[in-house]
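Throughout, read-outs are computed from the coordinates displayed, never taken from laboratory work. Computed from a predicted structure; not experimentally measured. No Cβ is skipped: glycine too gets one built from the backbone with ideal geometry, and neighbour counts run over all protein chains shown.
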Amino acid sequence: MKDEIDNRDERVANLKGLGCSRKRVEDARFTQGKGNYVDDIKLDGMLFGDFVRSPYAHARIKSIDTAAAMEVPGVLAVLTAADLEPLGLHWMPTLAGDKQMVLADGKVLFQGQEVAFVVAEDRFAAADGIELVEVEYEELPVIVDPFESLKSDVVLREDLDPKAPGAHGPRKHPNHIFTWEAGDKAPTEEVIANAEVVATESMYYHRTHPCPLETCGCVASMDKVNGKLTLWGTFQAPHAIRTVVSLISGIEEHNIRVISPDIGGGFGNKVGAYPGYVCSVVASIVTGKPVKWIEDRMDNLMTTAFARDYHMTGKISATKEGKITALHCHVTADHGGFDACADPTKFPAGFMNICTGSYDIPTAYLEVDGVYTNKAPGGVSYRCSFRVTEAVYFIERMIEVLAIELNMDAAELRRINFIKKEQFPYKAALGWEYDSGDYHTAWDKALKAVDYDGLRAEQAQRVADFKAGKTRKLMGIGLSFFTEIVGAGPVKNCDILGLGMFDSCEIRIHPTGSAIARLGTISQGQGHATTFAQILASEIGLPADSITIEEGDTDTAPYGLGTYGSRSTPVAGAATAMAGRKIRAKAQMIAAYLLEVHDNDVEFDVDRFVVKGAPERFKTMKEIAFAAYNQAIPGLEPGLEAVSYYDPPNMTYPFGAYVCVMDIDVDTGVPDIRRFYALDDCGTRINPMIIEGQIHGGLTEALAVALGQEIAYDDMGNVKTGTLMDFFLPTAWEVPNYETDFTVTPSPHHPIGAKGVGESPHVGGVPCFSNAVQDAFRPFGNRHTNMPHDHWRIWRTANELGLHD
Ligand code: MCN
Ligand code: CUM
């Protein structure tokens, strides 16, 4: 008995709960090729659907002739807008309150737009059919520049009344979508007009794409006998998809089962609803057979949710000593042909109004204009936290430019403007209330870890050597400090299509002391099956290895809004802890009953309830679980189950301090990342190993975006980077050895103090890499150059600064 009590450390370790670098339970199947992705689903008689896509970015459709395609052996149907129109399905609502063509209705608005859907016995016959669908196009003037779009006589969206307001208020021009404002305009402008120092800069955060390993796809199967539709797909929000499918198809929600099986990376690309889903469902209803639709790589890069495409202009004012007094930001946001963003309804520009960053800025104003162009729709994806990537890039560049203006060290400028620890909870000028933070501690730790002063001395020497002709390599020190905002969100201000953004967890404890927990979220690689079991292990005292986590099946999981915006841990993770606590409360009653003491005379200890002051008298959770199905208290219902729908009181505000040291060859423009140090604070850390994996992944994607990856268009609206030959995907060759570090500042309102982390490294990483490039050229007069900093652009910067003379 004594051993049982003394080996407390062992009992804690046995749970593999909070803080344990538990190995990922999902990897056994992934590493053995036993994953079950959408394209692995094969049903009897399953057909394959694929799209005829527009080669033009803007054109009128004169005619579509499907006769020849129908002659191809194996082709069973070719759907066009004319077929969908009687069903009211030729257009669909977007998550942003706009509507989008499912199949081209009279015209096309971007290259790659879906024009017809060919349904065939296999994908090869579908491909042959696509070749033979004859579409007659009449080319229209193409607009790829949002500034031009707002001046043009060419009306892109002829379906909209040009004078009518949009989903987010009045529109200034037929190609204008919305204006969104935050903060105080007049006071901000006044402070800036009278300031001692003002820095102004314009920057473009280019269009990018997350390019997940697995492209988007689905399998729709309409069981006409039972009236049940099953839809498997790469959905980051399966419940929301079920609701959308019900609303647009008229099929009652209980007759729709949406399943997200294993997903090979989402990164935001799989949040929205795509024409492929609608067409597969219609095709399955029409043919009575299951229909699969899977994008190829070009489809994915050219047509599904892109990210960024923000043209940002800022003004930042300060005293001569460097205390920031005001920030002004204007954004022209290119949303493509349809506004298919997936932001919470009240935030058409996402959480861009966190652009005051980690700094105590008393006055600020933000204005965003959303604009239609002839590009693919979307606008929120790629580890973005709803535009926080843009916001952090903006402020972290503005700080660097202000440092130049003040002739001051950028690390010091940050330090004197950070929100102080004692100011939390901190109400920012643009509306958010930051829950907790300790920026100075994190910054000091980061600068010390990299020997910042030593690096600056080395850099000064390098500049001198360069000027003396002793080296052709410059040295850049990239700094960034970010504040994230994740965990959408309080239902009071966050919803998508009217669905409040709570999340959920339902737990069943089995008699022998093992359990299943189901959540409203869905992992796409983040390791939820591993980490959510750890939260529960610590809450209910059963080993994580005895707890199955299940997500993604709307027939079994409680309703939730899904996984994006790093919301799973802040919201569903909180629901998990709360449901666990309900289990524990009932377990406490059972334990007290079994131990014949009052409820308040027992206390929870790791994996058991112990009589206070009598540690030898206890009941383990395993024993209690069995009792719950047997000798539960008279009058108390048997079983041990709980559910929690969690509406978070606030979002969580993770933060971090990153430093990148880079050497740049001015003659080739090739950067060499010598060092990358990343300190993250995501509050209570559930699984340090998974956090580190998230950070490595996010930093690598940040490297990609900062140093070369983009979705580029030519003047005709042709996508120039629609294949992996042209689209930069970093490999082990380009990726440095990341040094990760952390501080822990728990969220005061989250049940276990955890904040999200999935997007942090991307949010903080992009400005860090970009700042490193820019900093290398600062001693030679560089102020700002736009990303992506590919070799050619870096070479060009060196050239423009006269470094090749
Ligand atoms: N975690 C932890 N301790 C914390 C916070 C998080 O151990 N304090 C763990 C979580 O329990 C979870 C993982 O880290 O296993 C990420 O958690 P969280 O930050 O809550 O983010 P989500 O699970 O909601 O994931 C979404 C986020 C987003 S929005 C994008 S985009 C992105 C990202 O995750 N897409 C990814 N990381 C990705 N990683 C992979 N492999 N694949 C994607 O598609
Ligand atoms: Cu913004 S990309 Mo993630 O939210 O799925």
Loop chymotrypsin sites (Phe, Trp or Tyr not before Pro), region 645-735, which have at most 15 other Cβ atoms in a 10 Å radius of their Cβ (DSSP)
Trp733
When the scattering of region 518-597 is computed by the Debye formula from its Cα atoms alone, each counted once and equally, what is log10 I(q)/I(0) at q = 0.15, 0.26 Å⁻¹?
-0.55, -1.26
Taking H placed 1.01 Å from N in the peptide plane, check which residues at least 5 places from Phe742 or on another chain put their amide H under 5 Å from its amide H.
Asp680
Take the Cα gyration tensor of region 276-335, multiply each eigenvalue by 5, square-root it, and list the three semi-axes largest first, rounded to whole angstrom.
50, 11, 9
Along each of the three principal axes of the Cα atoms of region 326-461, give the extent in whole Å, ordering the values from largest to smallest.
50, 38, 26
Suppose every K and R has +1 on its Cβ and every D and E has -1 on its Cβ; what is the size of the dipole of region 525-623 about the Cα centre, in Debye to the nearest 20?
220
Give the aspartates and glutamates reachable from Lys320 as a straight Cα distance under 14 Å; neighbours fewer than 8 places away on the same chain don't count.
Glu196, Glu405, Asp409, Glu412
For region 69-138, what is Rg from Cα atoms divided by 2.2 N^0.38 Å, rounded to two decimals?
1.20
Distant-in-sequence amide H partners of Thr483 (H built 1.01 Å from N, under 5 Å):
Ser358
Expressed to two decimals, region 680-735 has a Cα Rg over Rh, using the Kirkwood radius, of 1.17
To two decimal places, what compactness ratio does region 409-476 give when its Cα radius of gyration is scaled by 2.2 N^0.38 Å?
1.60
Which pairs break 30 Å Cα to Cα here: Lys151/Lys720; Lys375/Lys755; Lys228/Lys622; Lys62/Lys151?
Lys375/Lys755; Lys228/Lys622
Show me the trypsin sites (Lys or Arg not before Pro) within region 707-805 that DSSP assigns to loop and that have at most 15 other Cβ atoms within 10 Å of their Cβ.
Lys720, Arg783
Hey, got the dipole for the chain? About the Cα centre, +1 on K and R Cβ, -1 on D and E Cβ, debye to the nearest 20?
1320
In debye to the nearest 20, how big a dipole does region 388-428 give about its Cα centre with +1 on each Lys and Arg Cβ and -1 on each Asp and Glu Cβ?
260
Going by a ≥ b ≥ c, the root eigenvalues of the Cα gyration tensor, does the chain fall in the rounded group (a/c under 1.5), the prolate group (a/b larger than b/c) or the oblate group?
oblate
Cα centroid of region 712-789 to Cα centroid of region 543-604, whole Å:
36
Students often check this: by mean Cβ neighbours within 10 Å, which of 45-58, 595-608, 430-443 ranks highest, and how do the rest follow?
45-58, 430-443, 595-608
Per-residue [θ]222 nm for the chain (sum of -39500 (n - 2.57) over DSSP H runs n ≥ 4, rounded to 500):
-8500 deg cm²/dmol
Under 14 Å from Lys23, Cα to Cα: aspartates and glutamates that are on another chain or at least 8 residues apart
Asp545, Glu692
Can you tell me the mean projection area, over all orientations, of the convex hull of region 652-767's alpha carbons? Units nm², please.
9.3
Here the FRET efficiency for Asp599 versus Ala186, based on Cβ atoms and R0 = 56 Å and rounded to 0.05, is 0.40
Which of Lys421/Lys448; Lys34/Lys270; Lys16/Lys619; Lys172/Lys427; Lys427/Lys492 exceed 24 Å between C-alpha atoms? The answer is Lys172/Lys427
Among Leu156, Val282, Ile251, whose Cα projects farthest towards the positive end of the dipole of the chain, with charges put on the beta-carbon of Lys, Arg (+1) and Asp, Glu (-1)?
Ile251
Cα-based reach from Lys163 at 16 Å (exclusive), listing aspartates and glutamates while leaving out same-chain residues under 8 positions away:
Asp98, Asp153
Share of Cα-Cα pairs in region 210-291 beyond 22 Å, whole percent, is 19
Sparse-neighbourhood loop sites, trypsin sites (Lys or Arg not before Pro) in region 397-463 - DSSP loop, at most 14 other Cβ within 10 angstrom
Lys420
Projecting each Cα onto the charge dipole of region 446-594 (Lys/Arg +1, Asp/Glu -1 at the beta carbon, about the Cα centre), which of Ser538, His528, Phe466 comes out farthest on the positive side?
Phe466
Given a Förster distance of 45 angstrom, what is the FRET efficiency for Ala82 paired with Val643, based on the Cβ-Cβ distance and rounded to 0.05?
0.45
For region 721-795: Kirkwood Rh in Å [reciprocal of mean 1/r, alpha carbons]:
15.9
Inverting the mean 1/r over all pairs of different Cα atoms, compute the Kirkwood radius of region 456-590 and quote it in Å.
17.8
